[in-house]
Every structure is written in C-alpha cells, then in structure tokens.
Amino acid sequence: MPELPDIVIYLEALEQRILAETLERLTVTAPFLLRTAVPPIDSVTGSKVLALRRMGKRIVIGFENELWLVLHLMIAGRLHWKARTGSAAVKKPQPRTATLPAKNRLATFEFAAGILTLTEAGAKRRASLHLIEGEANLERLNPGGLEVFEIDVDTFAAALRSENHTLKRSLADPRLLSGIGNAYSDEILWEAQLSPISLTQKLTSEEIERLFKATRDTLTRWTNLLREDASGDFPEKVTAFRPEMAVHGKYEKPCPRCGARVQRIRYASNETNYCPGCQTGGKLLADRALSRLLRSDWPRTAEELDGLTRQ
C-alpha cells in the first residue's frame with residue numbers, strides 16, 4: 001500500500017502536471033471504484049484543479065465549486081501518466097511503461113497536458129474514489145491521525161499512550177498517526193531498535209524519543225530517496241518492497257546493522273518483519289502467547305486497519 005513517502009511523491013508529480021489544469025473528461029470503467037453518488041461524478045468535468053493534498057494515505061484533488069476527488073489506492077492501486085505530444089508538461093523524454101491489460105484500468109482523468117490512469121493489479125478490488133462537496137464533508141473521511149512532522153515528542157507520546165496496543169499496530173493506526181502503514185512501520189521500528197510487539201503504555205521516555213526520531217528520520221529519508229529515484233518523471237516504480245529496505249520484505253536476509261537473519265510474523269493477511277538481533281534481544285516472536293496477542297490487537301486485513309476512523 002502506498003504510504004506517506006509514496007503519496008508525497010505522487011502529489012509532487014501531479015502538481016507539476018495537473019495543478020491549475022482543467023479536467024476535460026473523467027471515465028470510471030470499474031463500477032466498484034466509485035463510492036459516492038452525490039454529487040454525480042460528471043459534475044467535476046470541466047472544472048479546474050485548484051489544490052492537491054494528502055489525507056493519510058489518500059490523494060485529494062480539489063476542484064472549483066468546492067468539489068473534492070478523494071482517491072485511496074489501497075494495496076495494489078497505482079497511478080500512471082501519459083503526456084500528450086507537444087504538451088508543455090513534457091520536459092524530457094518520458095519513460096516507457098508496460099501496457100497494462102484493460103481489466104486493470106479503473107479510471108482515466110483526461111487533461112490537456114496528458115492522461116492520468118488509475119490501475120489496480122490482482123483480482124481483489126479495494127481501491128476507492130469519492131467525490132465530495134465541501135470542506136466539512138471532506139473532513140469526515142479524515143481518520144484523524146497526527147502528522148508526525150507537525151507535532152512534538154510530547155504530543156507523539158500522548159497519542160501512542162492513549163491506548164495500550166503493540167507498537168506495530170499503533171504506528172499503522174490511521175487514527176493515531178497519518179500516512180504510516182505496514183512497510184514503513186517495519187523500517188521505523190528497525191531504525192528505533194524496538195520490538196514490534198512492545199506495548200505502547202510500557203515504553204520508557206527514552207524509547208518514545210528514539211521512536212519519534214526514527215519515525216521522522218525514516219519517512220524523510222525515504223521521501224528523499226523516492227524523489228531522487230523519480231528524477232522529475234512520473235513515479236512508475238511504486239512498491240512496498242525495495243532493495244534498500246532494511247527489514248521489510250527481507251525475510252531470512254541478513255540485517256544490515258548486525259547481520260542476524262531477518263524474521264517475520266504472519267497473522268491472517270498481515271506480515272511484520274524484524275531483526276531479532278537488533279529489536280528483540282535475540283528472541284524469535286513465534287510462540288502461542290504472541291498469537292493470542294495478535295488476535296486481540298491486530299485487524300485481520302490491511303484494509304480493516306486502514307479503514308479505522310475516529311467515529
């Protein structure tokens with residue numbers, strides 16, 4: 001699932017291409033994608049893009065007349081851009097991308113500069129599109145998580161300790177912190193050298209400070225890496241598994257810090273990757289007590305966790 005660094009890079013690319021541009025045509029080819037009926041989806045056609053913002057892991061596109069398109073890519077949704085020949089948005093040759101089957105195309109957004117396409121790989125259809133009228137209605141979709149770059153360590157600590165959950169769950173809870181999911185929570189916990197099953201209300205002040213710094217440092221580093229990787233092109237290599245990652249997706253690979261083999265916890269459709277040498281004092285997290293803890297603390301699916309709201 002694209003998380004804060006990925007969404008930031010998507011937004012930067014969209015700002016260069018569609019901000020202040022008029023949406024000429026919007027075609028939704030997958031009926032399940034559109035989750036709202038009022039206002040009608042064609043009411044945004046012919047409107048100019050006035051704003052682009054991130055709401056957690058959602059991409060929000062603001063149009064004239066207080067209309068907002070809210071796009072949640074979920075796990076397998078991706079965006080693609082094809083510039084039109086002669087467009088001022090074409091600053092250099094665009095990278096060639098694989099042609100995806102028509103069944104993977106969920107929607108197309110046509111502008112004078114080019115066409116933005118939403119695709120979703122796989123058989124499960126989880127991506128969503130809402131058309132919202134008014135800022136107040138838009139805010140109802142906001143899970144309410146804090147922006148880690150807009151708070152201090154005391155506010156961060158208060159959010160984590162507001163409930164007693166595992167660190168893995170709390171970092172990825174959209175009601176607590178904004179934009180963090182499965183991949184970057186693994187990397188943050190590795191950076192902080194903390195166990196994914198440590199309980200938030202048992203953390204020391206020193207551990208909280210370490211986690212706060214690791215969260216900001218990890219998200220900043222990855223945003224910069226992804227920005228450098230895109231090099232001004234539209235990001236086409238958005239994935240949760242990258243070779244530069246320390247533990248996420250690195251099961252049985254050596255930890256880059258201590259050399260121990262990375263381990264993983266699997267529960268339902270969730271997976272957590274961690275280094276036993278750096279994070280758990282050499283202990284493998286795979287006993288019955290852990291299974292009971294996961295059943296009571298973790299939602300069974302990524303979409304269930306990401307769908308948590310303040311209500």
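The values are calculated or read from the model by the stated rules, or taken from the named source; none is laboratory data. Please read all numbers here as calculations on a predicted model, not as lab measurements. Every residue, glycine as well, gets a Cβ built from its backbone with ideal geometry; the counts of neighbours run over all protein chains shown.
Residues of the range 134-171 being under 18 Å from residue 219 (Cα atoms) and at pLDDT below 95, which ones?
168, 169, listed by residue number.
If a residue has to be surrounded by 15 or more Cβ atoms within 10 Å (Cβ to Cβ), charged (D, E, K, R) and under 24 Å from residue 16 (Cβ atoms) to count, how many in the range 231-260 make the cut?
Matching residues across the range 231-260 total 3.
Restricting to the range 150-177, what's the tally of residues that are under 16 Å from the mean Cα position of the chain (by Cα) and within 19 Å of residue 210 (Cβ to Cβ)?
The qualifying residues number 7.
For (1) assigned to a helix (DSSP H, G or I); (2) among the hydroxyl-bearing types (Ser, Thr, Tyr); (3) without any contact (Cβ under 8 Å) to a residue 12 or more places away in the chain, each residue gets a yes or a no:
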{"site": "125", "(1), (2), (3)": "no, no, no"}
{"site": "136", "(1), (2), (3)": "yes, no, yes"}
{"site": "141", "(1), (2), (3)": "no, no, no"}
{"site": "157", "(1), (2), (3)": "yes, no, no"}
{"site": "170", "(1), (2), (3)": "yes, yes, no"}
{"site": "179", "(1), (2), (3)": "no, no, no"}
{"site": "187", "(1), (2), (3)": "yes, no, no"}
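Have a look at 30, 20, 51 and point out the one that is of a type outside the set (Asp, Glu), touching a strand residue (DSSP E or B) at 6+ places or on another chain (Cβ under 9 Å) and at pLDDT below 95.
Exactly one of 30, 20, 51 is of a type outside the set (Asp, Glu), touching a strand residue (DSSP E or B) at 6+ places or on another chain (Cβ under 9 Å) and at pLDDT below 95, namely 30.
Sort out for me the helices (runs of 4 or more DSSP H) sitting completely within the range 199-309 that have 3 or more residues that are modelled with pLDDT of 95 or more and either outside the structural domain of residue 160 (by TED's automatic domain parsing) or under 25 Å from the mean Cα position of the chain (by Cα) (or both).
In the range 199-309, 205-230 are the helices (runs of 4 or more DSSP H) which contain 3 or more residues that are modelled with pLDDT of 95 or more and either outside the structural domain of residue 160 (by TED's automatic domain parsing) or under 25 Å from the mean Cα position of the chain (by Cα) (or both).
Checking residue 225 against (1) surrounded by 15 or more Cβ atoms within 10 Å (Cβ to Cβ); (2) out of contact with any Leu (no Cβ under 8 Å at 6 or more places or on another chain), only one condition comes out false. Which one?
(1)
Being among the polar types (S, T, N, Q), out of contact with any Phe, Trp or Tyr (no Cβ under 8 Å at 6 or more places or on another chain) and farther than 29 Å from residue 3 by Cβ is the filter here, so list the residues in the range 17-54 that pass it.
Selection gives 43, 45.
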